[in-house]
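Engineer: A single structure is presented below for examination.
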Amino acid sequence: MIKIYAVIDTNVLVSALLSRFKNTSTVQLLQLLILGDITPIYNDEIMEEYHNVLTRPKFGFPDTIIDETLEVIKRYGINSSRKESNEVLPDPKDIVFYEVALSIDDSYLVTGNTKHFPKKPFVVTPAEMLQIIHEMKSPKSGLLSEPTAKYGNR
């Protein structure tokens with residue numbers, strides 16, 4: 001089983017919960033999180049941000065959906081501390097997502113706003129995260145996976 005650790009930016013959750021289409025990358029990502037294919041990483045600041053944004057009246061999310069979403073993150077996720085960085089981001093409130101992603105090796109930061117973060121391989125869009133997961137689950141090509149060669153009679 002492949003373990004994928006990711007900090008999910010709030011905009012990804014909002015997009016997934018607003019979407020009416022099941023095939024969008026944000027909805028698929030949320031489904032993978034619920035299924036346990038992605039282990040969310042968070043801290044108290046991130047959970048507070050999630051709650052504050054998801055409860056905004058303009059979204060109209062039912063309390064049960066908000067509570068279930070946050071509960072899944074807490075139940076299946078890892079509450080981690082921040083790993084301090086010297087990065088300066090356009091929105092200082094985004095640094096917590098970046099620094100929590102740094103706290104666990106080989107984790108990702110999944111965001112719809114990659115321009116708000118430094119250009120690093122671990123900062124990915126929802127679509128890129130789905131591609132990474134797909135590639136990790138696909139059998140690798142190579143000598144051991146090649147079909148057996150058939151040789152004629154000698």
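The values are calculated or read from the model by the stated rules, or taken from the named source; none is laboratory data. All of these numbers come straight from a predicted model, not from anything done at the bench. Backbone-built Cβ (ideal geometry, glycine too); neighbour counts: all protein chains shown.
Engineer: Quick one: count up the residues across segment 65-112 that are assigned to a helix (DSSP H, G or I), under 19 Å from Gln31 (Cβ atoms) and β-branched (Val, Ile, Thr).
Structural biologist: Number of matching residues: 5.
Engineer: If you scan segment 113-129, which residues turn out to be in a loop (DSSP other than H, G, I, E, B) and in contact (Cβ under 8 Å) with a residue 40 or more places away in the chain? Step through it out loud before you land on a result.
Structural biologist: First, pick out the residues of segment 113-129 that are in a loop (DSSP other than H, G, I, E, B): 113, 117-122, 125.
Answer for segment 113-129, where residues must be in a loop (DSSP other than H, G, I, E, B) and in contact (Cβ under 8 Å) with a residue 40 or more places away in the chain: Asn113, Thr125.
Engineer: Among the candidates Val96, Val72, Val123, single out the residue that is surrounded by 15 or more Cβ atoms within 10 Å (Cβ to Cβ) and under 13 Å from Val12 (Cβ atoms). First the steps, then the outcome.
Structural biologist: Values: Val96 fails: under 13 Å from Val12 (Cβ atoms); Val72 fails: under 13 Å from Val12 (Cβ atoms).
Unique residue meeting the criteria: Val123.
Engineer: Can you pull out the residues in segment 75-92 that are loosely packed, with under 12 Cβ neighbours inside 10 Å and either charged (D, E, K, R) or within 23 Å of Leu32 (Cα to Cα) (or both)?
Structural biologist: Arg75, Glu84, Asp91
Engineer: Could you check segment 88-119 and list, in sequence order, the residues that are among the acidic types (Asp, Glu) and closer than 21 Å to Glu48 by Cβ?
Structural biologist: Within segment 88-119, the subset among the acidic types (Asp, Glu) is 91, 94, 99, 105-106.
Asp91, Asp94, Glu99 - these are the residues of segment 88-119 that are among the acidic types (Asp, Glu) and closer than 21 Å to Glu48 by Cβ.
Here's the yes/no breakdown for (1) touching a residue at least 24 places away in the same chain (Cβ under 8 Å); (2) in contact with a strand residue (DSSP E or B) (Cβ under 6 Å, 6 or more places away or on another chain); (3) within 27 Å of Pro121 (Cα to Cα); (4) of a type in the set (D, E, K, R):
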{"site": "Ser15", "(1), (2), (3), (4)": "yes, no, yes, no"}
{"site": "Gln28", "(1), (2), (3), (4)": "yes, no, yes, no"}
{"site": "Gln31", "(1), (2), (3), (4)": "no, no, yes, no"}
{"site": "Gly36", "(1), (2), (3), (4)": "yes, no, yes, no"}
{"site": "Glu48", "(1), (2), (3), (4)": "no, no, yes, yes"}
{"site": "Asn52", "(1), (2), (3), (4)": "no, no, no, no"}
{"site": "Ile65", "(1), (2), (3), (4)": "yes, no, no, no"}
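Engineer: Kindly indicate the residue of segment 32-68 that is among the β-branched types (Val, Ile, Thr) and buried (at least 19 other Cβ atoms within 10 Å of the Cβ) and also nearest to the chain's Cα centre (by Cα) among those meeting that condition.
Structural biologist: Among them, the one singled out is Ile38.
Engineer: Are any of the residues in segment 84-91 modelled with pLDDT of 95 or more, in contact with a helix residue (DSSP H, G or I) (Cβ under 8 Å, 6 or more places away or on another chain) and either among the basic types (Lys, Arg) or over 25 Å from Ile132 (Cβ atoms) (or both)?
Structural biologist: no
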